[in-house]
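The values are calculated or read from the model by the stated rules, or taken from the named source; none is laboratory data. All values derive from a computational prediction rather than experimental measurement. For the accessible areas, the whole protein counts, side chains as well, though only heavy atoms, and no ligand, DNA or RNA atoms are used. Shrake-Rupley method; radii C 1.70, N 1.55, O 1.52, S 1.80 Å.
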Amino acid sequence: LVESVASQLGVAILQSESYANLEDLNEQLEALERTRSNLIAITGHELRTPLSTIQVCLESLASEPDMPTELRQVMLSTALSDAERMRKLVQDFLTLSRLESGRVEWHLEPLALQECVDLALSSLRTRQSDAPLPKIQTNVPGELPLVKADGEWLVEVLAKLLDNACKFTESTGEVLIEAHPNGGKMLEVTIADTGRGIEPNRLEVVFDRFYQEEGALRRTAGGTGLGLAICRQIILALGGQIWAESDGRDKGSQFHFTLPLAQETAGTSGARAKNG
Ligand code: ADP
């Protein structure tokens with residue numbers, strides 16, 4: 001019976017010998033089931049909201065052929081932006097589940113951080129062409145030691161952190177990207193902004209799935225609440241750590257992460273860079 005419940009949940013770890021007895025196993029199964037139900041409920045809610053908006057807009061457009069042009073434009077752009085929100089949500093959700101289930105094949109190689117930062121910056125500028133960005137400064141010297149990472153995923157982390165820094169900072173504010181060796185084995189990267197900041201009791205929960213601060217900005221900022229959860233999975237899988245700091249409301253935020261240096265990891269097994 002236990003095995004059949006387990007296979008329904010798709011949990012491979014059930015064969016693990018670490019479970020002392022059936023009671024432990026049942027407790028773990030119940031916890032997994034609760035997590036799975038919560039996840040489905042949250043995802044369903046997050047998808048239903050934009051879907052309802054799209055439906056209302058399309059119904060109004062269909063039932064009122066003489067709708068004033070201005071209102072028609074508002075309806076169309078609202079429906080389009082909510083469709084885009086749903087697309088991002090599904091994409092981020094699939095990315096996160098790929099990462100969490102260990103189905104990612106990592107291509108680790110020595111990388112110059114500066115090149116990854118340049119790629120992330122150009123992707124940011126392409127995506128946010130209509131919104132004015134804060135001033136972005138970089139202090140990532142070309143002579144920094146190389147890191148051992150997967151370039152595509154590293155650019156993804158940098159792009160998401162930069163995107164957030166710009167999203168939550170006024171266009172008159174500033175964003176700074178800097179990096180320095182940390183302890184001889186790691187490189188530490190910081191993305192700091194002068195934006196709205198994060199309350200001290202939120203510094204850890206911001207990395208939870210679907211966490212978004214309540215309020216008007218939640219929708220105008222247009223995120224999915226999955227970006228930082230994705231960043232955390234990637235950085236842990238690459239053998240680093242990620243954390244946030246802030247002096248509080250309107251005092252700006254700093255997001256830091258570390259990555260192993262290429263030379264250090266080349267001399268060791270390299271196994272820790274695989275799937276956290
Ligand atoms: P989102 O898609 O909402 O950006 P994230 O997972 O990337 O989702 O971030 C989760 C939440 O963490 C954001 O909605 C915001 O409340 C907070 N946050 C993230 N980055 C920053 C930042 N640079 N400054 C202030 N708050 C931030």
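Computed values, structure above
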{"item": "³J(HN,Hα), Karplus 6.51/-1.76/1.60, whole Hz, each residue of segment 223-240, x for Gly, Pro", "result": "x, 10, x, 10, x, 6, 5, 5, 4, 4, 4, 5, 5, 5, 5, 7, x, x"}
{"item": "Tail beyond 16 Å, pair distance distribution of segment 98-176 (Cα, percent)", "result": "56"}
{"item": "Å² of accessible area per residue within segment 148-197, as computed with a 1.4 Å probe and no ligands counted", "result": "38"}
{"item": "Segment 91-106 - phi-based ³J(HN,Hα) in whole Hz, Karplus 6.51/-1.76/1.60, Gly and Pro as x", "result": "4, 5, 5, 5, 4, 5, 6, 4, 5, 5, 8, x, 8, 9, 9, 8"}
